[in-house]
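Q: Please see the structure below; I have some questions.
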Amino acid sequence: GENVEQHPSTLSVQEGDSAVIKCTYSDSASNYFPWYKQELGKRPQLIIDIRSNVGEKKDQRIAVTLNKTAKHFSLHITETQPEDSAVYFCAATYGGIYNQGGKLIFGQGTELSVKP
Amino acid sequence: EPEVTQTPSHQVTQMGQEVILRCVPISNHLYFYWYRQILGQKVEFLVSFYNNEISEKSEIFDDQFSVERPDGSNFTLKIRSTKLEDSAMYFCASSDSNLRRPDTQYFGPGTRLTVL
(Lines give C-alpha, C1' and ligand atoms only; values in the text may rest on other atoms or scores of the structure.)
Protein backbone atom coordinates (compact mmCIF):
# COMPACT_ATOMS: atom_id res chain seq x y z
CA GLY A 1 0.00 0.00 0.00
CA GLU A 2 0.89 3.66 -0.04
CA ASN A 3 1.69 4.85 3.43
CA VAL A 4 4.07 7.15 5.25
CA GLU A 5 4.43 7.03 9.02
CA GLN A 6 5.93 9.98 10.90
CA HIS A 7 7.16 10.33 14.47
CA PRO A 8 6.95 12.05 16.84
CA SER A 9 3.66 13.90 16.54
CA THR A 10 4.94 16.67 18.82
CA LEU A 11 8.46 17.72 19.67
CA SER A 12 9.55 20.41 22.08
CA VAL A 13 13.18 21.51 22.23
CA GLN A 14 15.16 24.31 23.78
CA GLU A 15 16.57 26.96 21.47
CA GLY A 16 19.98 25.84 20.21
CA ASP A 17 19.24 22.14 20.59
CA SER A 18 18.82 19.73 17.69
CA ALA A 19 15.54 18.26 16.52
CA VAL A 20 15.09 14.97 14.69
CA ILE A 21 11.93 13.80 12.95
CA LYS A 22 11.65 10.32 11.47
CA CYS A 23 9.52 8.81 8.73
CA THR A 24 9.07 5.39 7.22
CA TYR A 25 7.52 4.58 3.89
CA SER A 26 5.94 1.57 2.28
CA ASP A 27 7.39 -0.47 -0.54
CA SER A 28 5.95 1.13 -3.60
CA ALA A 29 7.29 4.62 -2.98
CA SER A 30 9.12 6.29 -5.79
CA ASN A 31 12.52 7.91 -5.52
CA TYR A 32 11.68 11.32 -4.13
CA PHE A 33 11.21 12.31 -0.49
CA PRO A 34 10.48 15.97 0.31
CA TRP A 35 10.04 17.70 3.64
CA TYR A 36 7.58 20.56 4.05
CA LYS A 37 7.26 23.16 6.78
CA GLN A 38 3.80 24.53 7.46
CA GLU A 39 3.14 27.53 9.64
CA LEU A 40 -0.33 28.05 11.03
CA GLY A 41 -2.84 28.80 8.29
CA LYS A 42 -0.23 28.85 5.55
CA ARG A 43 0.80 26.67 2.64
CA PRO A 44 3.28 23.82 2.99
CA GLN A 45 6.71 25.16 2.06
CA LEU A 46 9.36 22.82 0.69
CA ILE A 47 12.45 23.04 2.89
CA ILE A 48 14.57 20.17 1.67
CA ASP A 49 14.22 17.02 -0.39
CA ILE A 50 16.23 13.92 -1.15
CA ARG A 51 16.27 11.45 -4.00
CA SER A 52 17.04 7.80 -3.54
CA ASN A 53 20.39 7.96 -5.31
CA VAL A 54 21.90 9.76 -2.29
CA GLY A 55 21.99 8.92 1.39
CA GLU A 56 22.28 12.39 2.87
CA LYS A 57 21.74 15.99 1.91
CA LYS A 58 22.46 19.13 3.88
CA ASP A 59 21.37 22.73 3.56
CA GLN A 60 22.74 24.99 6.28
CA ARG A 61 21.08 23.92 9.55
CA ILE A 62 18.85 21.33 7.91
CA ALA A 63 19.84 17.85 6.81
CA VAL A 64 17.96 14.82 5.59
CA THR A 65 19.14 11.22 5.62
CA LEU A 66 17.70 8.31 3.70
CA ASN A 67 18.07 4.61 4.42
CA LYS A 68 16.61 2.76 1.46
CA THR A 69 17.13 -0.67 2.95
CA ALA A 70 15.17 0.17 6.07
CA LYS A 71 12.78 2.42 4.13
CA HIS A 72 13.12 5.34 6.44
CA PHE A 73 14.27 8.93 6.19
CA SER A 74 14.87 11.60 8.78
CA LEU A 75 14.98 15.36 9.10
CA HIS A 76 17.65 16.90 11.31
CA ILE A 77 17.55 20.54 12.37
CA THR A 78 20.57 21.80 14.27
CA GLU A 79 20.87 24.96 16.36
CA THR A 80 17.11 25.36 16.46
CA GLN A 81 15.61 28.83 16.64
CA PRO A 82 12.12 29.96 17.73
CA GLU A 83 11.25 30.68 14.09
CA ASP A 84 11.72 26.97 13.35
CA SER A 85 8.51 26.37 15.32
CA ALA A 86 5.95 24.95 12.88
CA VAL A 87 4.44 21.68 11.72
CA TYR A 88 6.79 19.60 9.61
CA PHE A 89 5.55 17.01 7.13
CA CYS A 90 7.52 14.32 5.42
CA ALA A 91 6.22 12.92 2.15
CA ALA A 92 7.00 10.28 -0.42
CA THR A 93 6.09 10.18 -4.07
CA TYR A 94 3.97 7.35 -5.39
CA GLY A 95 2.98 6.61 -8.97
CA GLY A 96 3.87 8.88 -11.86
CA ILE A 97 5.90 8.00 -14.92
CA TYR A 98 9.66 8.34 -15.17
CA ASN A 99 9.74 10.18 -11.85
CA GLN A 100 7.26 12.78 -13.03
CA GLY A 101 3.72 13.53 -11.95
CA GLY A 102 3.58 11.20 -8.97
CA LYS A 103 1.35 12.02 -6.05
CA LEU A 104 2.68 12.97 -2.63
CA ILE A 105 1.64 10.85 0.31
CA PHE A 106 2.25 12.78 3.51
CA GLY A 107 3.12 11.71 7.00
CA GLN A 108 0.93 12.77 9.88
CA GLY A 109 3.05 15.80 10.74
CA THR A 110 5.26 16.81 13.66
CA GLU A 111 4.50 19.94 15.61
CA LEU A 112 7.88 21.37 16.55
CA SER A 113 8.05 23.90 19.34
CA VAL A 114 11.35 25.68 19.99
CA LYS A 115 11.41 27.40 23.36
CA PRO A 116 13.59 30.48 23.74
CA GLU B 1 9.96 33.79 -8.03
CA PRO B 2 6.75 32.43 -9.61
CA GLU B 3 4.17 31.03 -7.22
CA VAL B 4 0.97 29.04 -7.42
CA THR B 5 -2.02 31.25 -6.66
CA GLN B 6 -5.50 30.29 -5.50
CA THR B 7 -8.83 32.04 -5.19
CA PRO B 8 -10.80 32.60 -3.12
CA SER B 9 -8.81 32.42 0.10
CA HIS B 10 -11.95 31.54 2.03
CA GLN B 11 -15.26 30.17 0.75
CA VAL B 12 -18.34 29.70 2.90
CA THR B 13 -21.20 27.72 1.43
CA GLN B 14 -24.37 25.94 2.42
CA MET B 15 -24.55 22.17 2.37
CA GLY B 16 -25.70 20.92 -1.03
CA GLN B 17 -24.37 23.91 -2.93
CA GLU B 18 -21.79 23.73 -5.69
CA VAL B 19 -18.41 25.38 -5.24
CA ILE B 20 -15.57 26.01 -7.64
CA LEU B 21 -12.08 26.51 -6.33
CA ARG B 22 -9.62 28.16 -8.66
CA CYS B 23 -5.89 27.82 -9.08
CA VAL B 24 -3.30 29.34 -11.34
CA PRO B 25 -0.31 26.97 -11.47
CA ILE B 26 3.21 28.15 -12.22
CA SER B 27 3.23 29.03 -15.89
CA ASN B 28 5.65 26.46 -17.35
CA HIS B 29 4.47 23.58 -15.19
CA LEU B 30 2.77 20.58 -16.74
CA TYR B 31 1.48 18.58 -13.78
CA PHE B 32 -1.27 19.80 -11.50
CA TYR B 33 -2.65 18.47 -8.26
CA TRP B 34 -5.29 19.07 -5.66
CA TYR B 35 -4.81 18.16 -2.01
CA ARG B 36 -6.95 18.79 1.01
CA GLN B 37 -6.17 19.22 4.68
CA ILE B 38 -8.84 18.86 7.32
CA LEU B 39 -8.06 21.10 10.31
CA GLY B 40 -5.30 19.63 12.42
CA GLN B 41 -4.72 16.66 10.13
CA LYS B 42 -2.26 15.73 7.43
CA VAL B 43 -2.36 16.79 3.81
CA GLU B 44 -4.24 14.27 1.64
CA PHE B 45 -3.96 13.71 -2.10
CA LEU B 46 -7.14 14.19 -4.14
CA VAL B 47 -6.24 14.18 -7.81
CA SER B 48 -3.43 14.70 -10.32
CA PHE B 49 -3.85 16.09 -13.81
CA TYR B 50 -1.63 16.03 -16.87
CA ASN B 51 -2.14 16.66 -20.56
CA ASN B 52 -5.75 17.69 -20.01
CA GLU B 53 -6.82 14.56 -18.24
CA ILE B 54 -6.82 13.04 -14.78
CA SER B 55 -3.72 10.95 -14.14
CA GLU B 56 -4.76 9.56 -10.79
CA LYS B 57 -7.42 10.14 -8.17
CA SER B 58 -7.85 9.05 -4.59
CA GLU B 59 -10.83 7.41 -2.92
CA ILE B 60 -11.82 10.83 -1.60
CA PHE B 61 -12.26 12.11 -5.16
CA ASP B 62 -15.71 10.65 -5.82
CA ASP B 63 -18.36 11.60 -8.37
CA GLN B 64 -19.06 14.85 -6.55
CA PHE B 65 -15.62 16.14 -7.51
CA SER B 66 -14.34 17.21 -10.90
CA VAL B 67 -11.35 19.10 -12.23
CA GLU B 68 -10.88 21.18 -15.32
CA ARG B 69 -8.29 23.28 -17.06
CA PRO B 70 -10.65 25.66 -18.86
CA ASP B 71 -7.90 27.74 -20.43
CA GLY B 72 -4.13 27.95 -20.57
CA SER B 73 -3.69 29.23 -17.06
CA ASN B 74 -6.47 28.16 -14.69
CA PHE B 75 -7.01 24.82 -13.00
CA THR B 76 -10.28 24.35 -11.14
CA LEU B 77 -11.75 21.95 -8.60
CA LYS B 78 -15.53 21.68 -8.52
CA ILE B 79 -17.55 20.08 -5.76
CA ARG B 80 -21.09 19.59 -7.06
CA SER B 81 -23.04 19.14 -3.85
CA THR B 82 -21.02 20.02 -0.80
CA LYS B 83 -21.24 18.08 2.43
CA LEU B 84 -20.28 19.12 5.93
CA GLU B 85 -17.26 16.81 5.77
CA ASP B 86 -15.93 18.68 2.75
CA SER B 87 -14.93 21.50 5.08
CA ALA B 88 -11.15 21.69 4.79
CA MET B 89 -8.26 23.64 3.37
CA TYR B 90 -7.80 22.81 -0.31
CA PHE B 91 -4.34 23.20 -1.77
CA CYS B 92 -3.44 23.29 -5.43
CA ALA B 93 0.08 22.30 -6.45
CA SER B 94 2.06 22.09 -9.65
CA SER B 95 5.29 20.58 -10.89
CA ASP B 96 7.17 20.64 -14.14
CA SER B 97 9.17 18.21 -16.20
CA ASN B 98 12.52 19.75 -15.30
CA LEU B 99 14.76 16.73 -15.24
CA ARG B 100 16.77 18.20 -12.39
CA ARG B 101 13.71 18.49 -10.19
CA PRO B 102 10.98 16.40 -11.83
CA ASP B 103 8.98 15.63 -8.70
CA THR B 104 9.14 18.92 -6.84
CA GLN B 105 5.64 20.18 -6.14
CA TYR B 106 4.95 23.78 -5.25
CA PHE B 107 1.85 24.53 -3.25
CA GLY B 108 -0.57 27.41 -3.47
CA PRO B 109 -1.75 29.33 -0.38
CA GLY B 110 -4.93 27.27 -0.15
CA THR B 111 -8.66 27.91 -0.09
CA ARG B 112 -10.40 27.37 3.21
CA LEU B 113 -13.80 25.84 2.46
CA THR B 114 -16.43 26.01 5.18
CA VAL B 115 -19.66 24.10 4.60
CA LEU B 116 -22.53 25.09 6.88
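Q: With a 1.4 Å probe and all protein chains kept in place, how do B:VAL67, A:VAL64 rank by accessible area, largest first?
A: Largest accessible area first, the residues go B:VAL67, A:VAL64.
Q: Another question, if that's okay. Rounded to the nearest Å, what's the spacing between the alpha carbon centres of segment A:53-68 and segment A:74-93? Just the number, please.
A: For segment A:53-68 versus segment A:74-93, the Cα centre distance is 13 Å.
Q: In addition: At 0.890 mPa s and 25 °C, plugging the Kirkwood radius over alpha-carbon pairs of the protein assembly as shown into Stokes-Einstein gives what diffusion coefficient in µm²/s?
A: It comes out at roughly 135 µm²/s.
Q: Taking a cut-off of 17 Å, what percent of all Cα-Cα pairs in segment A:1-58 are separated by more than that?
A: In whole percent, the long-distance tail amounts to 54.
Q: Ok, one more. How much of A:PHE73 can a 1.4 Å solvent probe reach, expressed as accessible area in Å² and rounded to 10?
A: 0
Q: Got a sec to turn the phi values of segment A:70-76 into Karplus ³J(HN,Hα) couplings, 6.51 cos²θ - 1.76 cosθ + 1.60 with θ = phi - 60°, whole Hz, x for Gly and Pro?
A: My calculation for segment A:70-76 gives 8, 6, 9, 9, 9, 10, 10 Hz in order.
Q: If you don't mind, another one. Once you place label points 7 Å from the Cα toward the Cβ at A:GLN81 and A:ASN3, how far apart are they in nm?
A: Between A:GLN81 and A:ASN3, the label points sit 3.8 nm apart.
Q: Next question. If you keep only loop residues by DSSP, which GluC sites (Glu not before Pro) in segment A:31-116 have at most 14 other Cβ atoms within 10 Å of their Cβ?
A: A:GLU39, A:GLU79
Q: Still on this structure, please answer the following. Run the simple label-point estimate for B:GLU59 and A:GLU111 please: 7 Å along Cα→C-beta, distance reported in nm.
A: Here the modelled spin labels are 2.7 nm apart.
Q: Could you work out the equivalent-ellipsoid semi-axes for chain A, taking the square root of 5 times each eigenvalue of the Cα gyration tensor, largest first, in whole Å?
A: Largest first, chain A gives 24, 14, 12 Å.
Q: In addition: Show me the GluC sites (Glu not before Pro) within segment B:33-98 that DSSP assigns to loop and that have at most 13 other Cβ atoms within 10 Å of their Cβ.
A: Here the GluC sites (Glu not before Pro) that fit, given the DSSP loop and packing criteria, are B:GLU59.
Q: Scaled to the compact-protein estimate 2.2 N^0.38 Å, what is the alpha-carbon radius of gyration of chain B, rounded to two decimal places?
A: Taking N as the residue count of chain B, the ratio is 1.01.
Q: Check the straight Cα-Cα distances from A:LYS57 and name the lysines below 29 Å, setting aside those fewer than 8 residues away within the same chain.
A: Within reach: A:LYS22, A:LYS37, A:LYS42, A:LYS68, A:LYS71, A:LYS103, A:LYS115, B:LYS42.
Q: I've got another one for you. Gaussian network model of chain A, Cα springs within a sub-10 Å range: biggest mean-square fluctuation belongs to which of A:GLY95, A:GLY16, A:GLY41?
A: With Cα springs under 10 Å in chain A, the top fluctuation among A:GLY95, A:GLY16, A:GLY41 is at A:GLY41.
Q: Order the following by accessible area, largest value first: B:LEU77, A:LEU46. Probe radius 1.4 Å; ligands, DNA and RNA are ignored.
A: A:LEU46, B:LEU77
Q: Let me ask something else about it. Measure out, as a whole number of angstrom, how far apart the alpha-carbon centroids of segment A:21-48 and segment B:1-56 sit.
A: Between the Cα centre of segment A:21-48 and that of segment B:1-56, the gap is 18 Å.
Q: Taking a label point 7 Å from the Cα of A:LYS42 along the Cα→Cβ vector, which residues of segment A:59-83 have an amide N closer than 11 Å to it?
A: Hits in segment A:59-83 for A:LYS42 at 11 Å: A:83.
The values are calculated or read from the model by the stated rules, or taken from the named source; none is laboratory data. All figures in this text were calculated on a predicted structure; none of them were measured in a lab. Every residue, glycine as well, gets a Cβ built from its backbone with ideal geometry; the counts of neighbours run over all protein chains shown. Keep in mind that these areas ignore ligands, DNA and RNA; they rest on the heavy atoms of the full protein, side chains included. Shrake-Rupley method; radii C 1.70, N 1.55, O 1.52, S 1.80 Å.
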